[in-house]
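Please read the structure below before turning to the comments.
The values are calculated or read from the model by the stated rules, or taken from the named source; none is laboratory data. Nothing here was measured: the structure is a model prediction, and the numbers come from that model. Don't worry about glycine lacking a Cβ; one is built from the backbone with ideal geometry, like all the others, and counts go over all protein chains shown.
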Amino acid sequence: MPFTNEKELVEIFKNSQYFENLVEIDGSISREEVKGFFGVPDLVIIQPTGEKQISYAFEAKLSNWKRALFQAFRYKAFVNKSFVVMDHDLVKPALSQTDRFCRANIGLISIDLSGEVHCHYNPYYEPPYSPQLESKFNEKIRDSGEQHTIDLFQFS
């Protein structure tokens, strides 16, 4: 049985082990629906890794993989890794187009109602194509909103 709406999909994804593994690193910051950039990603994460950081954006869609791919590509202006998250019951059409996700270096994840995440394509790290937007994004994330519900610490 598929998800009934994208908000439900995002909530289940936020409670998945996949998501928890990304935000469990000390200093990680996660936010929902960050506005003011090219589109509004459903979820973003900044994860410190030594001297640099890795930033992630996630675009959730029940079934419209083309729209999600377009939106996720725009987020590459300010993040290192961008993903489409889809309902596992409805991901088959996107899977038949995995080469498009690979060429665009956009990750493809599906999740079922039980919270099991299936990573179909994991993009490689690459710098955002707009250093100015990356800087503004990092500043906005650090200075805004609630942190993820597990105990996260702000960048020092």
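Is there a residue being in a strand (DSSP E or B), under 19 Å from Pro123 (Cβ atoms) and under 14 Å from the mean Cα position of the chain (by Cα) anywhere in segment 9-17?
We begin by selecting, within segment 9-17, every residue in a strand (DSSP E or B); these are none.
Checking segment 9-17: not a single residue is in a strand (DSSP E or B), under 19 Å from Pro123 (Cβ atoms) and under 14 Å from the mean Cα position of the chain (by Cα).
Looking at this structure, is Ile25 surrounded by fewer than 22 Cβ atoms within 10 Å (Cβ to Cβ) and under 24 Å from Pro127 (Cβ atoms)?
Yes.
Mind listing whichever residues of segment 73-120 are of a type in the set (S, T, N, Q) and under 26 Å from Asn138 (Cα atoms)?
Asn80, Ser82, Asn105
Can you give me the number of residues within segment 69-117 that are without any contact (Cβ under 8 Å) to a residue 12 or more places away in the chain and among the small types (Gly, Ala, Ser)?
Taking segment 69-117 first, the residues without any contact (Cβ under 8 Å) to a residue 12 or more places away in the chain are 70, 92, 96, 99, 103, 114.
From what's left, among the small types (Gly, Ala, Ser): 96, 114.
The number of residues fulfilling the criteria is 2.
Restricted to segment 38-72, and to residues that are assigned to a helix (DSSP H, G or I) and crowded, with 19+ Cβ neighbours inside 10 Å, which residue is farthest from the chain's Cα centre (by Cα)? Give the derivation first.
Looking only at segment 38-72, we keep the residues that are assigned to a helix (DSSP H, G or I), and these are 65-72.
The next check asks that each one be crowded, with 19+ Cβ neighbours inside 10 Å; those that pass are 65, 68-69, 71-72.
Working: Trp65: 14, Ala68: 11, Leu69: 12, Gln71: 11, Ala72: 8 Å.
Among residues in segment 38-72 that are assigned to a helix (DSSP H, G or I) and crowded, with 19+ Cβ neighbours inside 10 Å, the one farthest from the chain's Cα centre (by Cα) is Trp65.
Exactly one condition in (1) surrounded by 14 or more Cβ atoms within 10 Å (Cβ to Cβ); (2) hydrophobic (A, V, I, L, M, F, W, C); (3) modelled with pLDDT under 90 is false for Val117; which is it?
(3)
Restricting the first residue to segment 131-146 and requiring it to be modelled with pLDDT of 75 or more, which pairs with a second residue that is among the aromatic types (Phe, Trp, Tyr) meet a Cβ separation below 7 Å and a spacing of at least six or different chains?
Leu133/Phe37; Leu133/Phe78; Glu134/Phe78; Phe137/Phe37; Phe137/Phe78
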